[in-house]
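What follows is a short report on a single structure.
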Amino acid sequence: MSKILVVDDDEDICENLKIRFQANKFDVIAVNNGKDAVQAVLKEMPDLVLLDIMMPGMDGYETCKQIKKNTASRFLPVIMLTALRRPEEKVKGLKVGADDFISKPFDDKELLARVNAFLRIKSLHDKLDESYQELKKLEALKDNLTELIVHDLRSPVSSIMATLEIFQGKHKDLMNPQVENFIAKIKRNCQVQINLINDILEISRIEEKTLKLEKRDISVNTLIDSCMLQVETSASQKNITIEKKLDDNLPSLCADETYLQRIITNLLNNSLKYTEHGGKMCLSVHHTKEEKSRFVFCIEDTGLGIAKEHLNKIFDRYFQVDRTAGYSRRGVGLGLSFCRMAVEAHGGTIWAESEKRKGSRFYFTIPDVQYNG
Ligand code: ADP
């Protein structure tokens, strides 16, 4: 049953409205002044307020302002009852947050119809708010759970890696190409898991704004060489060549080296993942002074490509384009999302150009802070 609060200093009007609404199965509370109305709103949580404007003490405008000021009653519909017909009075009412006006003397049917219309809106709003609160709770729960799982996963996976290293060192006598191959496979998969765990942790740090970039001057050449080294084995296993094209005399780059390495290796690994045996890749860095001075990195491949309709979604968390058989899906769709956040944390932008079956080009920029000042 909907609850209506009637506020009027005229007891007869209050009584009259009470009878009319009770006859239509509403629960009605009536008060005679603004102060009591503000209190009743908080105590009784009505679904709608019918508020007289001209009242001694706190008038309808001030009462409405107080009701709308409170976060708990911000969206409570307030219909002002007025004998005044001048537009400026209505403007004043709208300014303090009134939702509608009904002129005295009221027409029964119109009054009921308007009240019902606002109650419908209020009920939709309440449902929306309930879902939003529920969603917020679930989101918090999911974040806690992710943190817990990620935290608990990191140590066992790192320990598997460490144990394998020790095993390889201590039991050289047991090593043969087949065993080495198995160990390399386990280590590769452990590294995939560790990268994934790091991406999840980093993304939540960036979202919580607790990520701190440790910027320092980096030699672009050295950076690129160390990234290429990290993907060398996987590239040669797929017989993929990676060309390196750097501008001559590139200035040093001021950025967080660890993050930059992770962005580049993430993009290189993706290209390797989505390019067939014998394909080609190219990693280029160009320094430009157009608009603002910046470094433009590009990772290009001759791989599977991405359909136009997916291009702006691939940087979203957990987004993956459906794969046809033959392409392993080792990730979970977090790599590019991490790249975007880390590039943006440096003040840069990231984007992709691609066509299905015609390869992809992933670009990202890092501002040249030394040049730009
Ligand atoms: P994943 O873990 O699935 O690789 P990413 O966030 O790194 O997640 O990438 C999201 C999606 O973008 C991938 O699932 C893939 O469909 C597409 N993608 C990324 N890089 C490439 C690429 N070089 N070639 C083709 N598709 C790519």
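For Lys292, state whether it is at pLDDT below 95 and under 17 Å from Pro367 (Cα atoms). Here the answer is yes, as Lys292 does meet what is asked.
Quick one: count up the residues across the range 311-320 that are within 8 Å of the ligand (Cβ to nearest atom) and either modelled with pLDDT of 90 or more or touching a strand residue (DSSP E or B) at 6+ places or on another chain (Cβ under 6 Å) (or both). Final tally of qualifying residues: 2. A single member of Lys127, Lys122, Lys109 is more than 33 Å from the chain's Cα centre (by Cα) and of a type in the set (Lys, Arg), and it is Lys109. Out of curiosity, is Ile263 touching a residue at least 12 places away in the same chain (Cβ under 8 Å), in a strand (DSSP E or B), within 23 Å of Trp351 (Cα to Cα) and within 16 Å of the ligand (Cβ to nearest atom)? Spelling it out, it is not the case that Ile263 is touching a residue at least 12 places away in the same chain (Cβ under 8 Å), in a strand (DSSP E or B), within 23 Å of Trp351 (Cα to Cα) and within 16 Å of the ligand (Cβ to nearest atom). A single entry from Leu124, Leu148, Leu174, Leu141 fulfils the requirement of being exposed (fewer than 11 other Cβ atoms within 10 Å of the Cβ) and under 18 Å from Arg205 (Cβ atoms): Leu148.
For Arg323, work out the one condition from (1) near the ligand (Cβ under 8 Å from one of its atoms); (2) at pLDDT 95 or above; (3) not in a strand (DSSP E or B) it doesn't fulfil. Unmet for Arg323, out of (1) near the ligand (Cβ under 8 Å from one of its atoms); (2) at pLDDT 95 or above; (3) not in a strand (DSSP E or B): (2). Only a single item in (1) free of Cβ contacts under 8 Å to residues at least 24 places away in the same chain; (2) within 25 Å of Leu229 (Cα to Cα) is not met by Glu290, and it is number (2).
Would you check if Leu213 is part of a loop (DSSP other than H, G, I, E, B) and at pLDDT 85 or above? The answer is yes for Leu213. As an exercise: evaluate Leu250 against (1) within 16 Å of the ligand (Cβ to nearest atom); (2) surrounded by 15 or more Cβ atoms within 10 Å (Cβ to Cβ); (3) in a loop (DSSP other than H, G, I, E, B) and give the number of the one condition it does not meet. That leaves (1) as the condition not met. Taken over the range 337-352, the criterion of being more than 12 Å from the ligand (Cβ to nearest atom) and in a helix (DSSP H, G or I) is satisfied by Ala342, Val343, Glu344, Ala345. Restricting to the range 295-310, and then to whatever is within 8 Å of Ser360 (Cα to Cα) and more than 8 Å from the ligand (Cβ to nearest atom), can you tell me which residue is surrounded by the fewest Cβ atoms within 10 Å (Cβ to Cβ)? Checked the range 295-310; the qualifying residue surrounded by the fewest Cβ atoms within 10 Å (Cβ to Cβ) is Thr302. Residues in the range 59-73 that are of a type in the set (A, V, I, L, M) and modelled with pLDDT of 95 or more: 1 in all. The lone criterion from (1) hydrophobic (A, V, I, L, M, F, W, C); (2) touching a helix residue (DSSP H, G or I) at 6+ places or on another chain (Cβ under 8 Å); (3) within 16 Å of the ligand (Cβ to nearest atom) left unmet by Cys282 is number (2).
Looking at the structure I just gave you, is Arg205 more than 29 Å from the chain's Cα centre (by Cα) and either modelled with pLDDT under 90 or not acidic (Asp, Glu) (or both)? No, not satisfied.
The values are calculated or read from the model by the stated rules, or taken from the named source; none is laboratory data. Nothing here was measured: the structure is a model prediction, and the numbers come from that model. Every residue, glycine as well, gets a Cβ built from its backbone with ideal geometry; the counts of neighbours run over all protein chains shown.
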